[in-house]
Amino acid sequence: MESFFYDNKIVRDFGVATVIWGIIGMLVGVIVAFELARPELNVTRYTTFGRLRPLHTNAVIFAFVGNGIFTGVYYSLQRLCKARMFSDVLSKIHFWGWQLIIVSAVISLPLGYTTSKEYAELEWPIDIAITLVWVVFGWNMFGTIARRRERHLYVAIWFYIATFITVAVLHIVNSMALPVSFMKSYSMYAGVQDALVQWWYGHNAVAFFLTTPYLGMMYYFLPKAAERPVYSYRLSIIHFWALIFIYIWAGPHHLLYTALPDWAQSLGVAFSIMLIAPSWGGMINGLLTLRGAWDRVRTEPVLKFFVVAITAYGMATFEGPMLALKNVNAIAHFTDWIVAHVHVGALGWNGFLTFGMLYWLWPRLYRTPLFSKKLANTHFWLGTLGILFYALPLYWAGFTQGLMWKQFNAEGMLQYPNFLETVLQIVPMYYLRGMGGVLYLSGVFLMMYNLYQTAKAGTLLANEPAQAPALLPEAQDPHAQGGHWHRWIERRPFQLAVGATVAIAIGGAVEMIPTFLVKSNVPTIAAVHPYRPLELQGRDLYIKEGCSNCHTQMVRPFRSETERYGEYSKAGEFVYDRPFLWGSKRTGPDLHRVGAKYPNSWHYNHMMDPTSMSPGSIMPPYPWLFDNQLDKSTLPAKIRVLQKLGTPYPAGFDRLAVADAETQARGVAAALKTEDIDVKSDREIVALIAYLQRLGTDIKVKPAQVAATAAQ
Amino acid sequence: MIRPGHALLAAGAVLLATRPALAQTAATSTPAAADSTYALVWFLLSTLVLVGMVFLVLFVALISWMRPQLRQLYNLPTVHDTWSSRVLGLLVGDARLVQGEVRDEVLNHDYDGIHEFDNDLPPWWKWGFAFTVVFALSYVTYYHVARKGQLQGAEYAAEMQQAALFVPVGGDDPNQVTTYVALTAPADLSSGKSIFATNCAACHGANAEGKVGPNLTDEFWLHGGTVNNLYKTIKFGINGKGMVAWKGKLSGKQMLQVASYALSLQGSKPANPKTPQGEKEAASKPVAKL
C-alpha cells in the first residue's frame, strides 16, 4: 500500500471560479437579453449588444463551463487514477493562466477587439495563451494518468482524453491567422472555406467542450451520488467511440442553404441524424443508472439537478438533428429557435450538471453537511422555471418569425415585406425570456450563498489522504489479462489518445480538404474584386462593432429571401472575405445586398439614430462613429498581410492604400454633401458607409437574367 | 395504438393535399373543377383513413383475443429465441425485446467505488441507431449518387418557376408605359396615406417635406411628376440612388394609391421643406382632398 494525498485545494479553487464566472457570464446574458427588448439599454459604446454578446458566450462557455470542467476533472481524475495531480505547479499555472485569459476576454471584447468568429472571438495573442494553458492542462492530465495506481482507465477518462485532443485541434486550426498588429489579425481562410472551418469548430466546441467533458463528469459524479452501478459498460464503449467519430462531421448543418457546396451540406445532414443514438446512449446510460435510486431523487437536490441535466441533454441532442434536416432548418435557421435550442443545452445540461456537482462536492471538500438542502431545492425550482421561461417564449418567437419571413400573400407578394414588422412581433417574447434569465440567475445566487455558508461551517481538507497499492508491471498484474476486448485499450492511454485522434480527424479532413483543394467547390466570379482600402477599414469597423451578431450576409436561395433582399449569395462572392461574415442570427435584416440600395444619407442618419429611418427599430445608435477619426495607419500593414494571404492587390499597393482611402472618403463625403449632410471625410462613419455600399454589388444581376435562371 | 396510427395517416393526407403537383393541377383547371378535385381527394383520403382505423382496431382486438395462444406458441422452445419469433414476442408484449436483457451482473472492477453493470445495449437503441445509419446512407445516395432529389439550386429554380405563374404577362417590364389616372376617392387616398406613413415617411418625411429622399410637395421632380411616372418610380425604384423598388412589397393598387396620395400633397407647403431637386413640372394633381 502506498499513501498519498489528493489535491482538493485546486478543485475548490476551480469550483469557486466556476461560480463567480457563472454569475458574471449569466449577468451579461441577462443584460444583452434586455438590450434586445429595450434598445436604450445599449448605453455606452463598450456595452452595445454587438460587443457584449460575444462576452456573454465566451464567459459562460469558457469561464463558467470551462472552470466547471476543470473542477470535475481535477476531482475525478485524481480518484480514478488513485494519484495526486501530476504537478501542483502545473495545476496553479493552469488555474491562474485560465483566469487571466478570461480577464483578458472581459477587457478586450467590450473594447471591440474581436475576430468575429463565434466562440473564437479572442484575438491572436490570447489564442496563443489559450493554446499554452491548454497544453499545461494536458501535460498535467497525462502526467497524472502516467503515474496512476489503477490499471484501467474508466470511461470518464476516455471522455477527458478525447476532449483534450479535439479541443486542441479545433482551436489551433480555426484560429490560424496572420497578425496585422498587436490585437488585429486576418483569418488564414476566406469566405466559404472560413465558414466551413469556423462551423467545424463551432459545432465541435459544443461537442467537445460542452458535451464530452460533461459526459465524463456524468459518468463519475452520477454513480457516486446515486450510489448505483453504471447501467452498461458495453453501451459506454459504443456510444463513446460513435459519438466522437460522428460528431465531427456534423458542422456543415450550421451552413444549410448557404453558399457551402451541396455535398458538404448533405454530409452535415446525414451525420447529424446518425448522431441521435450515440448522444442518447449517454442519456440512457445516465438515466438507467438511477434505477433503484429514484426514491432518493425526490429528496436529494444533487440527483434532481442531474436528472434534469440529463433529460435536457437528451432533448437538445434530439432537437439538434431535427434542426439539421433541411426543411426544418429553412424555417428555424437565423431565428430565435436556435437560441432557445442552445440554451436548453447550456442552462439545462451544462448548468444543472455543474450545480449538482458543486452541491455534491462542497460538503466533501469542507467535511460538513450542505448548509441548506432547502435552499438547494429552491435553486432547483428557480432554475427549472428559468429554463422554461427562457426557452418556451423563444421557441414561439423563432417559429413565428421564421414563418413570417416566408409568408406570401394571395397576390404572390411578401406578406411582411418590412423586416422590422417581424421583429416587433416578437419583442414581448424577448421580455419573457429576459425574465427567465433572471429567474435562472437568482438561483445561482442562492447557490453561491449556500456554498459560502457550507464552506464557512467546515474546514477545507486541502490534502485528502488516500491509500492504494502500487501498480505492478503489466506482465505480473492479474488484472491486466483477459476480459472484454476493449480492456486492452483501457490499459493504454497513448493508444487510446491516438485512437481518439484518428476518430476525430477523419470527418474534418474529408470535409475540409476537398473544399480547399477542388476549385469547383468555390466557382470564381470575374466581377468580384478585392475591397478598396476604405471599404476594408469599414469592414473592420463592422467586425469591431459586432454587427455580424445581428445581421447575416447570406441570402439563401429561397424566393422569400430573394424577393426581400435580392439575388441569393454565391460562393465566389466571398473569396476576399477574411473572416467571412455570414452570421448566424437575423435580429436585423440580411445585409449582403444592402450595397447601393439606399442613399449614403440613409445610412448616415440610420447609424446616428436607427429609429429615424426605421421607426421602432431595436438597433442601437452608433454616435461615436461620427466623432472618431478613422485610423488609417494600419492600412499598409493590412494590405501587405492580405497580399501574403493571396488577395491580388497590385505590388506596392500598400504604399498607395492610404491615399486611395482618402480619395474614396472624399467621394463619399462629397456625395453626402449633395444630400445636405456635412461630414468630415476622415470619420469612421465614412468608411463604414463605403463598406455597406459595396456589399453584394460586385455581381449585379439584371432582372432579365433572374427570369432566365428561373425558367431553366 | 390507434391514435398514433391515425395521426400518421392524417399527416400523410395533409402532405398529399399540399403537394405542389396537386396544387398546380388545381391552379390550371377552372375553380369549380379545382374544388371538386379537392373534394374527391379529401373524400378518398378520409375513406382510406377510416378503413385503416377499422383494420387497426380489428387487428388489436384479434391480437388481444388470441394472446394466450400466442404466448403459448412464443414460449415453445423451438420458437423462442429464434429470429422470426421476435415479431411474435412484440405482439405478446415481451419487454425484453425492447429493453434488452437486464441481468445487472456487476463487472469485476472498481473505480473509486464506482461499479459497472454489463447490461445489453437496449434493442430499441440499437435498431434506432441502425435506422439512422440507413437513413443517412439513403439520404446521401438519393441526392448525390442517384441524383434524384433537388439540391438547393434546382429547388430554388422550381420555386421561382411556380411563382412566375403569379406574374401577369408583360407586367414586369419597366419600359411599359402605364396609363393610370390618379385616384381621387377618399378611401383610396386614405389608404395611400397609411401606406405612405409606414413605408415612405422615413425617407421622404412625415409630411413628404423630404429628408433622405426628395421633397414631394413642390413642383420639382427628378423622375417625372405624372402619376404614371410616380407609379414607375415606386414600382421599380431608382437603382443606386436609394429609391427602393416596391414591387413585390406593395400591390399594384397600393402603389397607385400611394402615388395618388403623394400627388394630393402638391403645394401643401409643409414645415422644413427640403431644397427643390430636379425639373420643374406641373404635376397631375388629384382633385379630391382628404
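Here the gap between A:His484 and A:Val528, fully extended at 0.36 nm per residue and compared with their Cα-Cα distance, gives a gain of 9.9 nm.
If you plug the beta carbon distance of A:Ile699 and A:Glu421 into 1/(1 + (r/R0)^6) with R0 = 35 Å, you get a FRET efficiency near 0.75. In chain A, helical runs assigned H by DSSP with n ≥ 4 each contribute -39500 (n - 2.57); averaged across all residues and rounded to the nearest 500, the mean residue ellipticity at 222 nm is -20000 deg cm²/dmol. Within the straight-line cut-off of under 28 Å between alpha carbons, the lysines reachable from A:Lys456 are A:Lys9, A:Lys92, A:Lys224, A:Lys304, A:Lys373, A:Lys374, sequence neighbours fewer than 8 places apart in one chain being disregarded. Between helix A:653-674 and chain A there is an angle of about 60 degrees, using the helix long axis and the longest principal axis of the Cα atoms.
When only alpha carbons are used to place a centre, region A:375-400 and region A:153-181 end up 32 Å from one another. Each distinct pair of alpha carbons in region B:101-167 adds a 1/r term; the inverse of their mean, the Kirkwood radius, is 16.8 Å. Taking Cα atoms, how many degrees apart are the long axis of helix A:276-289 and the longest axis of chain A, rounded to 10 and kept between 0 and 90? Result, in degrees: 30. With the simple model of a label 7 Å out from the Cα in the direction of the Cβ, A:Ile506 to A:Ser181 spans 4.7 nm. Inter-label distance, B:Asp35 to B:Trp83: 5.7 nm, where each label sits 7 Å from its Cα along the C-beta direction. When accessible surface is computed with a 1.4 Å probe, chains A and B are found to bury approximately 5600 Å² between them, both chains counted. For A:Thr459, project a label point 7 Å along Cα to C-beta. Then give me every residue of region A:1-33 with its amide nitrogen under 14 Å of that point. None, by backbone N distance to the label point. Straight-line reach from B:Lys269: taking Cα to Cα under 12 Å and skipping same-chain neighbours fewer than 8 places apart, the aspartates and glutamates in range are B:Glu209, B:Asp218, B:Glu219. With R₀ set to 51 Å, the beta-carbon distance separating A:Phe142 from A:Lys673 gives a calculated FRET efficiency near 0.20.
Pull out the extension gain between B:Glu281 and B:Trp124, defined as 0.36 nm times the separation in residues minus the alpha carbon to alpha carbon distance; nm, one decimal.
48.6 nm
Take the residue pairs A:Lys184/B:Lys211; A:Lys570/B:Lys249; A:Lys117/A:Lys519; B:Lys148/B:Lys247; A:Lys184/A:Lys406; A:Lys406/B:Lys126 and return only those whose Cα atoms are more than 28 Å apart. Where the Cα-Cα span goes over 28 Å, the pairs concerned are A:Lys184/B:Lys211; B:Lys148/B:Lys247; A:Lys184/A:Lys406; A:Lys406/B:Lys126.
With each label modelled as a point 7 angstrom along the Cα→C-beta vector, the A:Asp609-A:Ile20 pair spans 4.3 nm.
Could you give the angle, 0 to 90 degrees to the nearest 10, between helix A:88-108's Cα long axis and the longest principal axis of the Cα atoms of chain A? On a 0 to 90 degree scale, this one is about 20.
Distances between placed amide hydrogens fall under 5 Å for B:Val244 paired with B:Ile238, all partners being 5 or more residues away or on another chain.
Expressed as a fraction of 2.2 N^0.38 Å, the rule-of-thumb size for a compact globular protein of N residues, what is the C-alpha radius of gyration of region A:533-711?
In units of the globular-protein estimate, region A:533-711 measures up at 1.06.
Protein heavy-atom accessible surface, 1.4 Å probe, per residue over the protein assembly as shown: 42 Å².
Think of each Lys and Arg Cβ as +1 and each Asp and Glu Cβ as -1; about the Cα centre, that makes the dipole of region A:533-711 roughly 540 debye.
Taking region B:186-280, how much of its Cα-Cα pair set, in percent, is spaced more than 21 angstrom apart? Of the Cα pairs, 20 percent sit more than 21 Å apart. Roughly what % of Cα-Cα distances in region A:31-139 sit above 18 Å, to the whole percent? In whole percent, the long-distance tail amounts to 55. Rg then Dmax, both in Å and based on the Cα atoms of region A:470-587: 25.2, 75.
Counting 0.36 nm for each residue step from B:Ala158 to B:Asp110 and taking away their Cα separation leaves a gain of 11.1 nm. Computing FRET efficiency as 1/(1 + (r/R0)^6) for A:Ile128 and A:Leu41, where r is the C-beta to C-beta distance and R0 is 25 Å, gives about 0.10. At a temperature of 37 °C and a viscosity of 0.692 mPa s, determine how fast region A:274-426 diffuses translationally according to Stokes-Einstein, using the Kirkwood radius over alpha-carbon pairs as Rh; express D in µm²/s, rounded to the nearest whole number. D, rounded to a whole number, is 185 µm²/s. For the protein assembly as shown, the fraction of C-alpha pairs more than 54 angstrom apart is 25%. Antiparallel beta bridges, as assigned by DSSP with both residues in the protein assembly as shown, represent about 85 percent of the total such bridges. Annotation: Cα Rg of region A:80-215 relative to the compact-globule expectation 2.2 N^0.38 Å equals 1.16.
Look at the stretch B:135-146: the mean tally of other chain Cβ atoms within 10 Å of its residues' Cβ atoms is 4.
The values are calculated or read from the model by the stated rules, or taken from the named source; none is laboratory data. Not measured: the values here are computed from a predicted model. With ideal geometry, Cβ positions are generated from the backbone for all residues, glycine too; neighbour counts draw on all protein chains shown. Please note that ligands, DNA and RNA were not included when accessible areas were found on the heavy atoms of the full protein model with its side chains. Shrake-Rupley method; radii C 1.70, N 1.55, O 1.52, S 1.80 Å.
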